[in-house]
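Since every read-out is calculated from the coordinates, none of them should be taken as a lab result. Owing to the predicted nature of the structure, the values given are computational and were not obtained by experimental measurement. FYI the Cβ positions are ideal-geometry reconstructions off the backbone, even for glycines, and counts take in every protein chain you see.
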């Protein structure tokens, strides 16, 4: 359907916005909009309100940089977590993947990306400085590197290792049960759980 065939400018605008989402083509967006038009107004308003809240009210945890409804996320605020063990991950999806294993009881540190010169992402673009400050305070006994097993992930691991090597902290990495190039979110929970339990001293991977 071409733009000039849309029955309404408002309708066209809605299709255009939805088709801007990753993996959503124009035909899929058209189906979504037609579906929304059939729904009760209250349901559509609730859907729209959830998106507004998503953008305006979600914050990043001041401790680990995970997304949160509050200043400190539920994981960092929990008395059941081991605050001396920090799992370093690339993004929020990795936190969700590891939590789904129910095999990890420490806390996290979300870098917000990985070092990738090709994409113009350097160490200063990530939340590395707050992690260094936390380790230097002596609060952390073990850092677990759980970054993607890609060239960029390995580069980031090695950069972090050099930053923390010499400090009083144990540095480990998840076992390579996760295939090269795999992202944590696509790894099954059993494999990911085992790779956490069977983690290795980082030095053994060099």
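In segment 3-54, how many residues are in a helix (DSSP H, G or I), surrounded by 12 or more Cβ atoms within 10 Å (Cβ to Cβ) and in contact with a helix residue (DSSP H, G or I) (Cβ under 7 Å, 6 or more places away or on another chain)?
Counting residues in segment 3-54 that are in a helix (DSSP H, G or I), surrounded by 12 or more Cβ atoms within 10 Å (Cβ to Cβ) and in contact with a helix residue (DSSP H, G or I) (Cβ under 7 Å, 6 or more places away or on another chain) gives 12.
Just wondering, is there one or more residues in segment 72-86 that are in a helix (DSSP H, G or I) and under 30 Å from residue 5 (Cβ atoms)?
The initial filter retains those residues of segment 72-86 that are in a helix (DSSP H, G or I), namely 74-77.
Subset that is under 30 Å from residue 5 (Cβ atoms): none.
No, the conditions are met nowhere in segment 72-86.
Can you say whether residue 79 is within 21 Å of residue 141 (Cα to Cα), surrounded by fewer than 13 Cβ atoms within 10 Å (Cβ to Cβ) and out of contact with any strand residue (DSSP E or B) (no Cβ under 6 Å at 6 or more places or on another chain), as far as the supplied structure shows?
The answer is yes for residue 79.
Could you please give the count of residues in segment 140-157 that are touching a strand residue (DSSP E or B) at 6+ places or on another chain (Cβ under 6 Å) and buried (at least 19 other Cβ atoms within 10 Å of the Cβ)?
Residues flagged as touching a strand residue (DSSP E or B) at 6+ places or on another chain (Cβ under 6 Å) and buried (at least 19 other Cβ atoms within 10 Å of the Cβ) within segment 140-157 amount to 6.
Which of the residues that make up segment 116-148 are assigned to a loop (DSSP other than H, G, I, E, B) and more than 15 Å from the chain's Cα centre (by Cα)?
Initially, segment 116-148 is screened for residues assigned to a loop (DSSP other than H, G, I, E, B), giving 120, 122, 126-127, 137-141, 146-148.
Across segment 116-148, the qualifying residues are 120, 122, 137, 138, 139, 140, 141.
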